[in-house]
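The values are calculated or read from the model by the stated rules, or taken from the named source; none is laboratory data. As the structure is a computational prediction, the values presented were derived from the model and not from experiment. Cβ placement follows ideal geometry from the backbone for every residue including glycine, while neighbour counts extend to all protein chains displayed.
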């Protein structure tokens, strides 16, 4: 019996594509941000330098094979590939998943997360965005015909024997439900199309922020009640489960009722001069709410958080993330799911390779395979 089903978000932004060349320069990938990162306060651990896999290029099949090997070593069940479909057939960064489906390699479980958000010049880097904000792809929901085209585009992946299932159905994660136009129509249609194509249907999961906003109203509010209200609001859309995103909740709990609001205010008015930062270990002690123990809520396990490679001094940073602190965080995440039915003991790991956000499991020069070893130990010990 599995203690937890750990599924890692997987970012495909590590190979050149035309749209990135156009807006950020020839050859731009996530490594461009990572390599030029600089410390923004004394003792800040930047830049982060990859070890075993190096500054890899996802055009190489061997990279995907090595990633899967390392993930298996950590005890991770599979990858959740971020998928960018903007409507009307527009998509980007599709190559890594397409090749994985077409070749059958690596032989490693996967599912899909629809990153249904806009792309602008602020999406991947602060460069240029201080001068202008140019919309590259607007996330659109044209209607039924587009939903059908979207389903057909992903049908080879859905038909793959490696695709991760929950309760016998295809796990499909949706990033943004707040701006999703008529999600019920979408879900009903895709379940119908799945049935018509001999598939079992979908287990739809919505990502939901435990706290949608930080403002003075929270000072007098019962925080757990606010979190539950946000979860219930999302449940009204009829999703099968929720993936809770608890960073704002943890920041509020860590900084205190007034502290978080003051920090958020200072970061806003003193752009580039004030760095909002927290101890990673304290954040993860405060990360999980009562809602995370509910059967239909899949908590998130955060490896670290530092978007300064993308945002510079405007980033919120969780400092001193390390394998020891991560191991304790993993134990807390497992405590949230250990009482659930085995199928629902899902923990979404943020992330396998979000180097530009300081959230990655892949080996680096400072800790080597430390995070991989920590997760493996927790899954085997408990």
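Points worth noting:
- Residue that is under 20 Å from the mean Cα position of the chain (by Cα), at pLDDT 95 or above, surrounded by fewer than 21 Cβ atoms within 10 Å (Cβ to Cβ) and in a loop (DSSP other than H, G, I, E, B), where the choices are 44, 15: 15
- If you check 172, 186, 202, 158 for being crowded, with 18+ Cβ neighbours inside 10 Å and out of contact with any strand residue (DSSP E or B) (no Cβ under 7 Å at 6 or more places or on another chain), only one passes: 186.
- Residue in the stretch 232-246 that is buried (at least 19 other Cβ atoms within 10 Å of the Cβ), at pLDDT below 90 and farther than 30 Å from residue 144 by Cβ present: no
- Residues of the stretch 21-41 that are in a helix (DSSP H, G or I) and either under 22 Å from residue 352 (Cα atoms) or in contact with a strand residue (DSSP E or B) (Cβ under 7 Å, 6 or more places away or on another chain) (or both): 23, 30, 31, 32, 33, 34, 35, 36.
- Count of residues meeting criterion [at positive phi and not in a loop (DSSP other than H, G, I, E, B)] in the stretch 49-73: 0
- Note on the stretch 107-140: residues that are at pLDDT 95 or above, surrounded by 19 or more Cβ atoms within 10 Å (Cβ to Cβ) and assigned to a loop (DSSP other than H, G, I, E, B) total 4.
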